[in-house]
Each structure stands twice: as structure tokens, then as C-alpha cells.
Amino acid sequence: MSHQASMKKIVLLCTIPITFAALSAVPARAQSSVCRTVRVPVTIGGRIQHITGSLCVPARFSGGVRRVDLLVHGGTYGSAYWDWPVNPGRYSYVSKTLRAGRAGFTFERPGTVAAGALPPSASLTAADGADRLHQLIQWLRRAGYREVTLIGHSLGSMMSLTETAAYNDADRLVLTGLLHHVGDAGPLPLHPAPADPAFAGVVTDPGYYTTVPGTRGTSMYDPATADAGVVAYDEAHKDVMSGNESVEFGTRVIVPAGQNESNRVTIPVLLAIGQQDRNFCGGTSDCSTAQAVEEAEAPFFTSAASLTAQVVPGTGHSLPLHPSADASFAGINQWINVH
């Protein structure tokens with residue numbers, strides 16, 4: 001595959017990372033946990049914006065340490081990716097985090113229908129996305145959280161990586177659905193959001209994209225293991241993403257090792273990938289074992305305090321939305337407790 005073709009493929013991959021679930025459907029919580037909606041002011045380009053999020057706090061923090069997972073959704077998803085309403089006992093990462101004795105903070109990235117009014121698609125940039133994340137981390141620190149784990153998925157992982165390379169202000173970084181190597185899947189089936197029946201009259205900016213109807217089951221999941229109910233909900237509640245933002249992040253992924261911004265990351269890093277995530281696995285990208293992933297990615301993280309890989313069998317791109325969700329969470333949770 002030519003360098004130009006590889007870049008085009010990764011741009012498409014990073015553009016479509018995740019989905020969104022209706023905010024009105026809130027998963028059941030342990031009676032002792034508390035969730036509240038917050039609006040966090042951030043300053044971008046000298047102007048104040050407000051990020052809407054949900055902060056869920058357990059009744060008791062594990063070990064008495066106030067720890068929080070800051071969860072960043074990917075493209076064509078909203079924050080409900082991490083707090084899935086369909087069978088939440090299995091698929092809600094936030095519910096699992098509460099049971100583990102940590103808080104969970106999810107938020108709507110600007111540039112999604114879930115966030116409200118869409119800014120011009122061309123106005124969303126990598127630098128601004130990283131700056132927003134940096135300010136959210138600082139807000140959580142001021143709220144009394146001693147440890148912050150920054151956890152992203154796909155485009156959200158790329159944003160988290162960019163933030164960490166610039167600031168290294170979280171305690172640890174978890175990247176899901178993202179490697180620096182291209183898998184054997186073809187280009188993701190995207191088209192302009194205004195042309196999609198789901199967004200007719202809602203999205204008018206042709207610089208926003210979404211997945212072609214009926215394609216999420218094969219692009220986001222392992223068809224052999226996926227829960228049909230989850231896929232159907234995902235398809236019915238997909239969101240949009242900025243083509244400008246996805247191109248910029250996608251371009252960053254393919255920068256060679258040694259020159260890539262990932263080499264400026266100094267905190268511990270966990271790479272969690274589904275073994276059947278054809279966006280980043282297959283072809284010359286070996287996801288057969290965690291060791292293979294670590295060896296391939298090590299040149300991109302030469303300054304990280306540590307690098308660990310987790311490969312989850314029977315799992316596609318949207319890691320926590322597969323029947324293997326408990327295993328995925330267990331691996332991430334164990335790593336957080338060790339690092």
C-alpha cells in the first residue's frame with residue numbers, strides 16, 4: 001500500500017471511531033453511587049466554552065484514594081459510548097468503574113449532535129481538542145481527584161495521545177481502538193452527514209460525516225460475536241464527526257516512530273485493542289498476542305514510563321460494546337491498580 005493510500009485509510013479510521021446512545025436512557029447504578037450533570041468552563045482561543053459532562057462518584061473510593069477515569073469517546077459516538085444503556089450491567093464502562101471504587105467522568109466533545117449546537121466543522125482542531133482535555137484534567141484536580149486516568153477510544157484516543165504528548169498531566173494513559181499500524185480492512189463507509197436520513201434537517205454543514213446506514217455492524221464490531229441488540233441500538237443512535245478534525249488526527253497517527261508525538265509521552269501507557277479490529281489489525285499489523293503489539297508499538301513510546309498491551313479475542317473496534325466487555329474492563333482495571 002502506498003504512503004498516500006495508507007494515510008487516506010488511517011484518516012478514515014480515526015474519523016469514525018465510536019457511537020452514541022440516547023442521553024435519556026441512564027444505566028442503573030448501585031444505590032450508593034451518585035451521578036450529576038456538570039458544565040465545565042474552558043477557554044479556547046480566548047473565548048469561554050462550556051463542556052457538558054456527567055460525573056459519577058462511588059459511595060466509597062477504593063483504598064480511600066479519590067481516583068477518576070476521564071473517558072473520551074471517538075468519532076460518530078457521544079459520551080454514552082462509555083455508559084451504554086443496552087444491558088448496562090455488561091456494557092457500561094462507567095458502571096464497572098463505580099463498582100471498582102473509582103469515579104467516572106464522561107463528556108460530549110464539541111462537534112457531535114449530542115453536544116448541542118454544532119460549530120463549523122473546519123473550526124475543530126487537534127490543538128483545541130487537546131487543550132480542552134487539559135483543562136478538564138485540571139478541573140478534576142481542583143475537584144480533589146488525586147489520580148486521573150485518561151482513557152480514549154479511536155479518535156478519542158488520538159486526542160488523548162495529543163494532550164498527553166503536550167502536557168503529561170494525567171497519571172496514566174489508556175488508548176483503546178488505536179495503534180500506529182494499519183489493519184487489513186478497507187476504508188470505513190463514511191458519507192456527509194447532511195445526506196444521511198438520520199440527520200436530515202439537523203446537520204447542514206457538509207464537513208460533518210457519519211457512517212453509511214447499515215454498516216456499523218461490520219466496521220465497529222466482530223460480526224461473529226457481536227450482540228445484535230447492541231448493534232441495532234448503535235446504528236439507530238449514531239452521531240457525527242468533523243472531517244477536519246479526523247483528517248488532522250489521522251495524519252498524526254502515520255508520522256514515523258521517532259518523529260511521532262507519542263514519543264513525548266512520559267506517563268505509563270496501556271494499549272487495549274480488539275483482536276478482530278480490522279482497522280488496526282491484520283495484514284502486516286500483528287495483533288495475535290499482546291507481545292506482538294508491544295513490540296510493534298515500542299518505537300513510538302520510547303519515553304513512556306512503561307508500555308503494556310492488552311489484546312482481547314472475539315472483539316472488534318468498539319471494545320466495551322462486545323460480549324467480552326467484562327474481560328476488557330478487567331484488564332484495564334488491573335493495569336490501573338498496578339500503575
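A few notes on this one:
- Filter result (in contact (Cβ under 8 Å) with a residue 60 or more places away in the chain, over 27 Å from Gly186 (Cα atoms) and of a type in the set (Val, Ile, Thr)) within the range 260-312: Val265, Thr266, Ile267, Val269
- Here Leu161 does not fit the description of being in contact (Cβ under 8 Å) with a residue 12 or more places away in the chain and assigned to a loop (DSSP other than H, G, I, E, B).
- Residue check for Ala330: of a type in the set (A, V, I, L, M) and either farther than 18 Å from Trp82 by Cα or surrounded by fewer than 17 Cβ atoms within 10 Å (Cβ to Cβ) (or both): yes
- Taken residue by residue, the range 188-202 has at least one member that is without any contact (Cβ under 8 Å) to a residue 12 or more places away in the chain, at positive phi and over 19 Å from the mean Cα position of the chain (by Cα).
- Restricted to the range 51-82, and to residues there that are part of a loop (DSSP other than H, G, I, E, B) and free of Cβ contacts under 8 Å to residues at least 60 places away in the same chain, the residue that is nearest to the chain's Cα centre (by Cα) is Pro58.
- Taken across the range 69-78, residues that are over 26 Å from Gly214 (Cβ atoms), modelled with pLDDT under 50 and touching a helix residue (DSSP H, G or I) at 6+ places or on another chain (Cβ under 9 Å) do not occur at all.
Each row is one residue, and each column tells you yes or no for (1) within 30 Å of Thr162 (Cα to Cα); (2) at pLDDT below 95; (3) of a type outside the set (Ser, Thr, Tyr).
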site	(1), (2), (3)
Gly214	no, no, yes
Ser219	yes, no, no
Tyr233	no, no, no
Thr251	yes, yes, no
Ile254	yes, yes, yes
Asn260	yes, no, yes
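- Taking the range 203-236 as the range and being part of a helix (DSSP H, G or I), under 12 Å from His322 (Cβ atoms) and β-branched (Val, Ile, Thr) as the test, the residues that pass are Val230, Val231.
- The range 100-130 - residue that is outside any loop (DSSP other than H, G, I, E, B) and touching a strand residue (DSSP E or B) at 6+ places or on another chain (Cβ under 6 Å) and, of those, farthest from Arg47 (Cα to Cα): Ala103
The values are calculated or read from the model by the stated rules, or taken from the named source; none is laboratory data. Predicted model only: the values in this text are computed from it and were never measured. Virtual Cβ from ideal backbone geometry, glycine too; neighbours counted across all protein chains shown.
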